[in-house]
Amino acid sequence: MSDPVATRITPGLDGAPTDVDLVVIGLGITGVGVALDAVTRGLSVLAVDAHDLAFGTSRWSSKMVHGGLRYLAQGQVGVARESAVERGILMEVTAPHLTHAMPMVVPLSSSVSRVQERLTHAGLLAGDGLRRSAGTDEETLPRPRRLTTTELMAMAPPLRSAGLRGGLLSWDGRLEDDARLVTTIARTAASYGAHVRTRARVLGATGTSVELRDELSGATHSVTARAVVNATGVWAGELVDEVSLRPSRGTHLVLRQETLPGLAVSVFAPIPGSTSRFVLVLPQPDGTIYVGLTDEAADGPVPDVPEPTEPEIGFLLDVVSAAFERQLRREDVVGAYAGLRPLLDTPSDDPDGAATTADLSRRHAVLTSRTGVVTVVGGKLTTYRQMAQDAVDAAVAGSGLSAGPCRTRDLPILGAATRPALAALEQPARLVRRYGTDAELVLESARRVTGLSAEELLAPVAPTVPVTLAELVFGVTHEGAADVDDLLDRRTRVGLVPADRPLAVPAAERALTLAGRPVRHG
């Protein structure tokens, strides 16, 4: 067990470098990916964010590692292929501890025509072809197959049984938690020497300099750089005015597990009138179920935290209720969240300009501004590694920096190990799921800091909140959490259920105190 106590994930700019090879702006999944890629090529790196790790879109996903099936159905073959390749790298190399095979079923109800059934089955077979071509092992993601009605109901007892003629079973990747992936990649970048700073707002940037403000002290900080990468997602256009985005809002609901009891697989509920769109019902290991997602244009100023709309919530409830025996109601929704996809605005082929955000490509783009700032936009969480590689390639080429080749394709992040090795760990299952081989580090470092027993550190902080005090303390000591919001909304995801949040606040405040930090609320 190693303990990198000199963590470089630090709130504020005190002691930050003033001269580096590369400044990365934005600490979502793409930004931390850029930081890790660059520092492992031998570059000196300062990576900053005005708020916190995973503050923006990166924490509002479906918590899936997509193999590109949706993009294949839309004819975006290149995007689908890239997704399948990157999914395999994430699940087999980068983060086996944070990714899991997710069984998903499409129920063949009376509302699904035989034509829709054949198209869906063909799509699943094509998706499996992508898996094979990407080199992902069948033990990681099994092949799709048909299910009898009996098999389907055993996997998903809450489904509406009337009119069922079986189902289709396939497999995709599921993330333990999107914000946890971001945090772990940031820790990994820091372990290689990157300086990772939260609460550091960019006031201005060119391709060779960045002006920062410490959001804790108010002090300004000037940095000279050989290259600058803008990885701010939906805020990219605010930093570089040459970038034009057309954000799309994706809304999810959060339900308690008892709302759909016994559900052991994810369900793809067909959207009426569509042959390729579904609403996803995704059971989570923490006793909740996510339902999503929408794809709506999000016009106007970009908010710090997007809000779901009531029509979107009603739409999701209606589609899911049609597939299940129980009619879901608004009061079943214990939480809801929305994320904005940073889609690059491109000219529409529609003469009326009526193309929806669902029609825009999910392909990413790397753009260089007049002043030399490299911006990476578009894409999706699954393909962050390739996006980061392309951005660093562009930054190196544009600046003339001397850098080694990209290493991240074969680079496990902290805590990663083979699945048999993870299964053999004699540590609490929750910690292994969330920290992999660092599970022992989480517990032992919390014991050293607090002097508390393992029993007290590993107890759930509330009956409906499985988060432990050990995780919260580790969030402060090793992951740069500066306040209660960092702990409850990003290092853990307690805040996704508003009713649970106040139950966990005392534990978060205690963790900050035990770690010697002032108790702050964001």
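Where a number appears in this text, it was derived from the coordinates with a stated rule and is not lab data. For clarity, every value in this text was computed on a predicted model and none was experimentally measured. A quick note on method: Cβ atoms are made from the backbone with ideal geometry, for glycine too, and the neighbour counts reach across all protein chains shown.
Quick notes on this one:
- The ranking of Val93, Val392, Val465, Val48 from fewest to most other beta carbons within 10 Å of each one's beta carbon is Val93, Val465, Val48, Val392.
- Rg in Å to one decimal, and Dmax rounded to a whole Å, for the stretch 27-91 via C-alpha atoms: 14.5, 42
- By the count of other C-beta atoms within 10 Å, a proxy for reagent exposure, Glu82, Glu310, Glu238 are ordered fewest to most as Glu310, Glu238, Glu82.
- Share of Cα-Cα pairs in the stretch 209-341 lying beyond 24 Å, as whole percent: 46
- Glu242 versus Thr224: modelled label distance in nm, points set 7 Å from Cα along the beta carbon direction: 2.4
- With Cα atoms defining each centre, the stretch 48-105 and the stretch 187-201 are spaced 23 Å apart in the structure.
- Between the stretch 502-522 and the stretch 287-349, the Cα center-to-center distance that results, in Å: 31
- Coupling constants for the stretch 61-68 follow from the phi torsions by the Karplus curve (6.51 cos²θ - 1.76 cosθ + 1.60, θ = phi - 60°), and in residue order they are 7, 7, 6, 10, 10, 6, x, x Hz; glycine and proline get x.
- Here the chain yields Rg over Rh of 0.95, to two decimals, using C-alpha coordinates and the Kirkwood radius.
- Neighbourhood charge, 12 Å Cβ-Cβ cut-off, centred on Thr251 and excluding it, Lys, Arg +1 and Asp, Glu -1: -3
- Neighbour-count ranking [beta-carbon atoms within 10 angstrom, fewest first] of Val334, Val115: Val115, Val334
- All other residues whose Cβ lies under 13 angstrom from that of Arg330 are scored, Lys and Arg at +1 and Asp and Glu at -1, for a net of -4.
- Beta bridges by DSSP in the chain, antiparallel share as percent, to the nearest 5: 75
- Under 5 Å, built H, 5+ apart or other chain: amide partners of Leu168: Val106, Leu108, Leu147
- Scattering profile of the stretch 105-225 at q = 0.12, 0.13, 0.17 Å⁻¹ [log10 I(q)/I(0), Debye over alpha-carbon scatterers]: -0.69, -0.72, -0.94
- D_trans [Stokes-Einstein, Kirkwood Rh over alpha-carbon pairs] for the stretch 419-514, 37 °C, 0.692 mPa s, µm² s⁻¹: 246
- Reciprocal of mean inverse Cα separation for the stretch 43-165 (Kirkwood radius, Å): 17.0
- Applying the Karplus relation 6.51 cos²θ - 1.76 cosθ + 1.60 with θ = phi - 60° to the stretch 416-422 yields 3J(HN,Hα) values of 6, 6, 5, 4, x, 5, 5 Hz, where x marks Gly and Pro.
- For the stretch 373-379, putting each phi into the Karplus relation 6.51 cos²θ - 1.76 cosθ + 1.60 with θ = phi - 60° gives couplings of 6, 8, 10, 10, 9, x, x Hz, in residue order, rounded to whole numbers and with x for Gly and Pro.
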